[in-house]
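Undergrad: The structure's right below; bear with me while I get my questions together.
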């Protein structure tokens, strides 16, 4: 019983260490050209894949689907953000996510954007 508890604690500590490393990597990337892509990958791929690996979560519901940014056909479309009444594809949503970070870094405050 004690050995089992120690294994659980060790696994949890390893998980926390890995999460801490991932967050440090995001903090270190802040302000770089790749920051938006790293955040996207962390939120929409890594975290979802981590959750998908826990089968108990998906016994009574459908598992989420992760989004691999490298497999999306991203096209720069400056008019896309004006088409907020349309239902966007996953690729279009990803494109807006990536462009929003660049737009936010171009301005000094929120009021400059709006």
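The values are calculated or read from the model by the stated rules, or taken from the named source; none is laboratory data. Because the structure is predicted, anything quoted here is derived from the model rather than measured. Neighbour counts run over all protein chains shown; Cβ positions are idealised from the backbone, glycine included.
Undergrad: Pairs, please: C-beta under 9 Å, at least 6 apart or cross-chain, first residue within 17 Å of residue 95 (Cα to Cα) and assigned by TED's automatic domain parsing to the domain that holds residue 63 and in segment 31-53, second at pLDDT below 90 and assigned to a loop (DSSP other than H, G, I, E, B)?
TA: Cβ pairs passing all conditions: 38/32.
Undergrad: What is the residue count in segment 48-67 for residues that are surrounded by 12 or more Cβ atoms within 10 Å (Cβ to Cβ) and either assigned to a loop (DSSP other than H, G, I, E, B) or out of contact with any helix residue (DSSP H, G or I) (no Cβ under 9 Å at 6 or more places or on another chain) (or both)?
TA: Here the count works out to 6.
Undergrad: On the given criteria, is residue 107 surrounded by 10 or more Cβ atoms within 10 Å (Cβ to Cβ), modelled with pLDDT under 70, within 26 Å of residue 29 (Cβ to Cβ) and in contact with a helix residue (DSSP H, G or I) (Cβ under 7 Å, 6 or more places away or on another chain)?
TA: yes
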